[in-house]
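The values are calculated or read from the model by the stated rules, or taken from the named source; none is laboratory data. Just so it is clear, the model here is predicted, and its values are computed rather than measured. Backbone-built Cβ (ideal geometry, glycine too); neighbour counts: all protein chains shown. Protein only, heavy atoms only, side chains kept; ligands, DNA and RNA dropped before computing areas. Shrake-Rupley method; radii C 1.70, N 1.55, O 1.52, S 1.80 Å.
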Amino acid sequence: MLKGTRVGLRARHDDDIPVLRTELYNDVVNAARAEGGPWRPVTANDPQLAFDNPPENLASFSVVELEGGTLIGTANLWGIDTHNRNAHIGVGLLPAARGKGYGTDVVAALCYYGFAVRGLQRLQIETLSDNEGMIRAAERNGFVREGVLRNSAWVLGEFMDEVVFGLLAGEWKGSGVA
């Protein structure tokens, strides 16, 4: 398990799946905002939830509170490009865990995994321009706002802007993650 200050990133367990399905993927508004595509219902064996044979370009974790081990969400490095040594960060917190600062710790742990464990050169975050929690988590971890993709996301009947953040290995300050 990768340990941050308050959260741990670990492999997905079978008993995580019903919680994630109910609290993240069956939430139409949250899923439509997070997935970059239209919401669709997921089944118990959907590859978004269970990774029996994960693709090489994806590292997916369950996020747990260190104190007590309660499941609070998911974290991903996706689009991992081993040639260009870059990847994208994705975080999904359960409703009860939002707004408590966990996102910053999750992003820090993913940075440790991407830079120290995987030897990547660049990590990138794309988020909707009104996602204040993810924007704060990116900025608190040293990510640089690189631009805005105007009207690039179709979300529940309207186009929205996305903000792009990047962090290079040489800019990463590291943190209390192990």
### Task
Tell me which of these L24 doesn't satisfy, since it passes every other one: (1) assigned to a helix (DSSP H, G or I); (2) open to solvent by 40 Å² or more (accessible area, probe 1.4 Å); (3) at pLDDT below 90.
(2)
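For residues that are assigned to a strand (DSSP E or B) and among the aliphatic types (A, V, I, L, M), scanning just the stretch 158-178, find the one that is farthest from H83 (Cα to Cα).
Taking the stretch 158-178 and keeping what is assigned to a strand (DSSP E or B), we get 158-168.
In the following step, the residues that additionally are among the aliphatic types (A, V, I, L, M) were identified as 160, 163-164, 167-168.
Values: M160: 31, V163: 25, V164: 21, L167: 17, L168: 15 Å.
By that ranking, first place goes to M160.
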### Message
So for the stretch 94-102 (the condition being in contact with a strand residue (DSSP E or B) (Cβ under 6 Å, 6 or more places away or on another chain), buried (at least 21 other Cβ atoms within 10 Å of the Cβ) and part of a helix (DSSP H, G or I)), does at least one residue qualify?
### Response
yes
### Task
Could you please let me know if T82 is closer than 24 Å to V144 by Cβ and crowded, with 18+ Cβ neighbours inside 10 Å?
no
### Task
Could you grab the pairs with beta carbons closer than 7 Å, sequence gap of 6+ or different chains, first residue in the stretch 105-125 and over 11 Å from L2 (Cα atoms) and touching a residue at least 24 places away in the same chain (Cβ under 8 Å), second one open to solvent by less than 10 Å² (accessible area, probe 1.4 Å) and assigned to a helix (DSSP H, G or I)?
V107/A137; V107/A138; L120/G114; L123/C111; L123/G114; I125/A138
### Task
Considering each residue of the stretch 128-157, count those that are farther than 29 Å from G170 by Cα, open to solvent by less than 90 Å² (accessible area, probe 1.4 Å) and part of a strand (DSSP E or B), and give that number.
3
### Query
Within the group E162, E171, which residue is closer than 23 Å to P95 by Cα, without any contact (Cβ under 8 Å) to a residue 60 or more places away in the chain and open to solvent by 30 Å² or more (accessible area, probe 1.4 Å)?
E162
### Query
Mind checking which pairs have a first residue in the stretch 131-151 that is under 22 Å from V29 (Cα atoms) and a second that is open to solvent by 80 Å² or more (accessible area, probe 1.4 Å), Cβ under 7 Å, 6 or more apart or different chains?
G133/R98; G133/G99; N151/F159
### Query
Taking the condition in contact with a Pro (Cβ under 8 Å, 6 or more places away or on another chain), under 21 Å from A137 (Cα atoms) and aliphatic (A, V, I, L, M), does A109 pass?
no
#### Entry: Residue check, R12 modelled with pLDDT under 95, under 24 Å from G101 (Cβ atoms) and not in a helix (DSSP H, G or I)
yes
### Query
From the set of residues in the stretch 108-127 that are assigned to a helix (DSSP H, G or I) and among the small types (G, A, S), which is nearest to R85 (Cα to Cα)?
G114
